[in-house]
Amino acid sequence: MNTRAQQLQAFERLLDIMDDLRAQCPWDKKQTMDSLRHLTIEETYELADAILNQDLTEVKKELGDVLLHIVFYAKIGSETQDFDIADVCNELCEKLIFRHPHIYGDVQVADEEEVKRNWEKLKLKEGKKSVLEGVPKGLPALVKASRIQDKAKGVGFDWDEPAQVWDKVQEELQELQTEVLANNQDALESEFGDVLFSLINYARFLNVNPEDALERTNKKFIKRFQYLEQKAEQMGKSLSDMTLAEMDVFWNEAKKL
């Protein structure tokens, strides 16, 4: 692995290249924070995919892409004299030191959960009015629900046992079924959301990341469905021409694979 001096040298090289690109490349010169925003989101999802696939070579590549965006934003900030990369790093360092008094102070903690509780309390001391302020409004709903629950847990608002959460899931399923039978679309949607929220909560008690779990299922379904499409093509058929019974044969083959 590289030494600290080599790491710093590599980071300085990246900053120098960013300066060159911003000064000389027509595309890079044109970019703004707003124009980069959607690309940053895309790069973050690509990193998440690489992590989920446990492809460390790809993780390294995607981390570089995300780092490029961080350096890019800092460069733009320096041009308007609002902040530069040193300001970004120093503010982050100060925040980390403040939020880890068990490392940089004399606070004693028993375990990870106590660290999380202290973290949320310290964030309120920084001026936040709600522990939920740190949940970005633009997060996908499933990820947002998970973060909301995690933050509520950080201040002690949580169930005691997994069995209690499972009972809540069952209760919400029954309420959903009641609205299905009543054919009340608005209430049905509300109850369906409650079911999902309670399942996400249950996943947390099982130490399962619901976003990762669902994405694994997505990938599994895609793989099996594409196997089905390949088999249909080999038979000279389209899926729309096949019966469900025919498709089930190949679907079960895909599951075995």
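In terms of the mean number of neighbouring beta-carbon atoms within 10 Å, the peptides 201-212, 129-140 order highest first as 201-212, 129-140. Rg/Rh for region 41-96 (Cα atoms only, Rh after Kirkwood) is 1.10. Dipole size of region 91-216 about its Cα centre, with +1 on Lys/Arg Cβ and -1 on Asp/Glu Cβ: approximately 720 debye, rounded to the nearest 20. Here's the picture: charge each Lys and Arg Cβ at +1 and each Asp and Glu Cβ at -1 in the chain, and of V155, F225, L8 the one pushed furthest to the positive end of that dipole is L8. Convex hull volume of the Cα atoms of the chain, normalised per residue: 255 Å³. Between 0 and 90 degrees, the angle of helix 185-205 with respect to the longest Cα principal axis of the chain falls at about 60 degrees.
Annotation: T80 carries an accessible surface of approximately 80 Å², with a 1.4 Å probe and no ligand, DNA or RNA atoms counted. For the listed peptides 87-97, 245-255, a ranking on the average number of other beta carbons within 10 Å per residue, highest first, reads 245-255, 87-97.
Mean projected area of the convex hull spanned by the Cα atoms of region 15-139, taken over all viewing directions: 10.4 nm².
Applying 1/(1 + (r/R0)^6) with r as the Cβ-Cβ distance of K125 and D158 and R0 = 25 angstrom yields a FRET efficiency of 0.70.
Taking Cα atoms, how many degrees apart are the long axis of helix 112-125 and the longest axis of the chain, rounded to 10 and kept between 0 and 90? Rounded to the nearest ten degrees, it is 60. Approximating the spin labels as points 7 Å out from Cα along Cα→Cβ, the I103-to-D150 distance works out to 1.7 nm.
For the chain, the longest principal axis of the alpha carbon atoms and the long axis of helix 162-182 meet at an angle near 60°.
In a simple Cβ point-charge model (Lys, Arg +1; Asp, Glu -1; nothing else charged), the chain has a dipole of about 460 debye relative to its Cα centre.
The simple Förster model, with R0 at 41 Å and r as the Cβ-Cβ distance, assigns D111 and Q9 a FRET efficiency of 0.60.
The values are calculated or read from the model by the stated rules, or taken from the named source; none is laboratory data. Note that the structure is a prediction, hence the values are computed from the model and not measured. So basically every Cβ, Gly included, is an ideal-geometry build from the backbone, and we count neighbours across all protein chains shown. Only protein heavy atoms, including side chains, enter the accessible area calculation; ligands, DNA and RNA are left aside. Shrake-Rupley method; radii C 1.70, N 1.55, O 1.52, S 1.80 Å.
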